[in-house]
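The values are calculated or read from the model by the stated rules, or taken from the named source; none is laboratory data. Predicted, not measured: the structure shown is a model, and the values here were computed from it. Cβ placement follows ideal geometry from the backbone for every residue including glycine, while neighbour counts extend to all protein chains displayed.
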Amino acid sequence: MTTQFKPIARGPLTEMHRRGGATLEQREGWWLAVRYPREPGNLGNALIDFAHRSTWELNGPDVGSKLVEFCGVDVPVRQIHSEQDWHVYRLTPRRALIFGKMPRPIADASDVSGGWATLAVLGPDSERLLSKVTAVDLRPRTLPPGGCCQGPIFGVNTLFGRFARRFELHVAGDSAEFLWSVLLDAGAEFQLQPAGVDYAARHFV
């Protein structure tokens, strides 16, 4: 009998994490950077790779009714509906993206995971840090927690999501390494450090 092995997926930053000394582990079918040798403390600024997250897209005139069926609400445009393991971003009346583990399928949702990579900037200086690299107005009165918008970072089209203590940045996978480098350079004055997904599990709120 031949044993079937499921391939282990690699995100666009896997080898960069390895070169940076991160501890990589196989989880959920992916190689994940679970920790870095030097990570920020509880009040520090961290940069975390979530390229392993699944991404689903909904399009069409009935997006609102599908979201009501899926999560109980018709998510307003430019808003995020969050549950423990997934987030719905409503981009337009006819388009929504879902990042994370969907608890159940949605009819006509397209799996677009291969086209997206997610980075998280966590910490007290995340807004000031990002304001160095984008002209998008990220102030709370313009983009409050639970809000989303799109705009460029050094020419890279980016979907911004704001949460209580972090920003999530969603970009095309082939731009992830460039964006990671840009953020680390811009974050040097704020002692931004790369961190693994275990750090995120302890600090995300």
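Only one entry in S126, S54, S131 is over 27 Å from T14 (Cβ atoms) and among the hydroxyl-bearing types (S, T, Y), namely S131. Restricting region 150-168 to residues that are assigned to a strand (DSSP E or B) and among the charged types (D, E, K, R) leaves a set whose member that is farthest from R19 (Cα to Cα) is R162.
The rows are residues; the columns are (1) small (G, A, S); (2) more than 12 Å from P194 (Cα to Cα); (3) out of contact with any Asp or Glu (no Cβ under 9 Å at 6 or more places or on another chain).
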{"site": "Q26", "(1), (2), (3)": "no, yes, yes"}
{"site": "L32", "(1), (2), (3)": "no, yes, no"}
{"site": "L47", "(1), (2), (3)": "no, no, yes"}
{"site": "A51", "(1), (2), (3)": "yes, yes, yes"}
{"site": "W56", "(1), (2), (3)": "no, yes, no"}
{"site": "G64", "(1), (2), (3)": "yes, yes, no"}
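With respect to the conditions (1) part of a loop (DSSP other than H, G, I, E, B); (2) without any contact (Cβ under 8 Å) to a residue 40 or more places away in the chain; (3) closer than 18 Å to F204 by Cβ, V88 lacks only one, and its number is (1).
What do you reckon, is E83 out of contact with any strand residue (DSSP E or B) (no Cβ under 7 Å at 6 or more places or on another chain) and either at positive phi or of a type in the set (S, T, N, Q) (or both)? The answer is no for E83.
Among the residues of region 131-149, are any surrounded by 13 or more Cβ atoms within 10 Å (Cβ to Cβ), part of a strand (DSSP E or B), without any contact (Cβ under 8 Å) to a residue 40 or more places away in the chain and not basic (K, R)? Checked against the condition, which is being surrounded by 13 or more Cβ atoms within 10 Å (Cβ to Cβ), part of a strand (DSSP E or B), without any contact (Cβ under 8 Å) to a residue 40 or more places away in the chain and not basic (K, R), region 131-149 yields no hits at all.
Determine, yes or no, whether P103 is loosely packed, with under 13 Cβ neighbours inside 10 Å, in contact with a Phe, Trp or Tyr (Cβ under 8 Å, 6 or more places away or on another chain) and part of a loop (DSSP other than H, G, I, E, B). Yes; evaluated as a whole, the condition is true for this residue. Of all residue pairs spaced 6 or more apart or on separate chains, those with beta-carbon atoms under 8 Å, a first member in region 190-205 that is surrounded by fewer than 17 Cβ atoms within 10 Å (Cβ to Cβ) and a second member that is of a type in the set (S, T, N, Q) are Q191/N45.
Taken over region 92-108, the criterion of being of a type outside the set (V, I, T) and under 20 Å from the mean Cα position of the chain (by Cα) is satisfied by R95, A96, L97, F99, G100, K101, M102, P103.
The set of residues from region 20-43 being farther than 30 Å from R90 by Cα and either among the hydroxyl-bearing types (S, T, Y) or in contact (Cβ under 8 Å) with a residue 60 or more places away in the chain (or both) comprises G20, A22, T23, R35, Y36, R38, E39, P40, N42, L43. Can you confirm whether D125 is acidic (D, E), surrounded by 13 or more Cβ atoms within 10 Å (Cβ to Cβ), touching a residue at least 60 places away in the same chain (Cβ under 8 Å) and touching a strand residue (DSSP E or B) at 6+ places or on another chain (Cβ under 7 Å)? Judged against the criteria, D125 is not a match. Restricted to region 169-205, and to residues there that are small (G, A, S) and in a helix (DSSP H, G or I), the residue that is farthest from K132 (Cα to Cα) is A201. When A201, A164, A96 are checked against the criterion of being among the hydrophobic types (A, V, I, L, M, F, W, C), more than 22 Å from A33 (Cα to Cα) and modelled with pLDDT under 95, a single residue qualifies: A164.
Take the residues in region 43-88 that are β-branched (V, I, T), over 16 Å from A107 (Cα atoms) and in contact with a helix residue (DSSP H, G or I) (Cβ under 8 Å, 6 or more places away or on another chain); name whichever of them is surrounded by the fewest Cβ atoms within 10 Å (Cβ to Cβ). Top of the filtered list is V73.
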